[in-house]
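Have a look at the structure below, then the notes.
The values are calculated or read from the model by the stated rules, or taken from the named source; none is laboratory data. Note that the structure is a prediction, hence the values are computed from the model and not measured. Glycine also receives a Cβ, built like all others from the backbone with ideal geometry; neighbour counts cover every protein chain displayed.
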Amino acid sequence: MRKLSEIKGEEALDVLAEILVPIVNIWEDEEVKEGFEKNVATSVSIAIKNHRKEIIEIFAAIDGKTYEEEVNEIDLVSLPTSIIELLNEPAIQSLFQ
C-alpha cells in the first residue's frame, strides 16, 4: 500500500475525495468508537466486520486501483500489514486524537 504522504498534487485531492466518506462512515459507527475505549485492535476488528466495503474502498483509492482490483488482491497475509500501515500514517492518527 502506498503511504498517504507519497500521494501528491491533484492525485492527493482525488484520493482525499474518495476516502473521506468511507472514513467518516466508519468513524461515526458507535461500535467502532466504543471499541477504541478498549483498544485499537478491538476497534479495527469491529470496523472490518461492519465496514468491509468502506475499508476496501479506502485501500483501493490509496493504491490507485478499482474496488474490484483491490478486493481480488486482499488476502489474510497482506491485510493486517495494510491496516497497520494505514493506522500508522500520521494523517490518519490525527483523525483519532
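Scanning the stretch 80-97 for residues that are under 12 Å from the mean Cα position of the chain (by Cα) and small (G, A, S) gives S82, A91.
Yes/no per residue for (1) in contact with a helix residue (DSSP H, G or I) (Cβ under 7 Å, 6 or more places away or on another chain); (2) of a type outside the set (A, V, I, L, M):
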position	(1), (2)
K53	no, yes
E57	yes, yes
K65	no, yes
E70	yes, yes
D75	no, yes
I83	yes, no
E89	yes, yes
S94	no, yes
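Of all residues assigned to the stretch 14-23, at least one qualifies as being touching a residue at least 12 places away in the same chain (Cβ under 8 Å), part of a helix (DSSP H, G or I) and in contact with a His (Cβ under 9 Å, 6 or more places away or on another chain).
Of all the listed residues (I46, I19), the sole one being surrounded by 15 or more Cβ atoms within 10 Å (Cβ to Cβ), under 18 Å from L4 (Cβ atoms) and at pLDDT 90 or above is I19.
Can you tell me how many residues in the stretch 43-53 are under 12 Å from the mean Cα position of the chain (by Cα) and part of a helix (DSSP H, G or I)? Total satisfying the criteria: 5. For the stretch 3-13, a tally of residues being of a type outside the set (V, I, T), surrounded by 13 or more Cβ atoms within 10 Å (Cβ to Cβ) and not in a helix (DSSP H, G or I) returns 1. For the condition surrounded by 12 or more Cβ atoms within 10 Å (Cβ to Cβ) and more than 19 Å from E18 (Cα to Cα), S82 does not qualify. Filtering V32, V71, V77, V40 for residues that are of a type in the set (V, I, T) and either crowded, with 18+ Cβ neighbours inside 10 Å or under 13 Å from the mean Cα position of the chain (by Cα) (or both) leaves a single hit, V32. One residue stands out in the stretch 49-94 among those that are at pLDDT 90 or above and of a type in the set (S, T, Y): the one that is nearest to I26 (Cα to Cα), namely Y67. May I ask you to verify whether I56 is touching a residue at least 12 places away in the same chain (Cβ under 8 Å) and either part of a loop (DSSP other than H, G, I, E, B) or of a type outside the set (D, E) (or both)? When the stated conditions are applied, I56 passes them.
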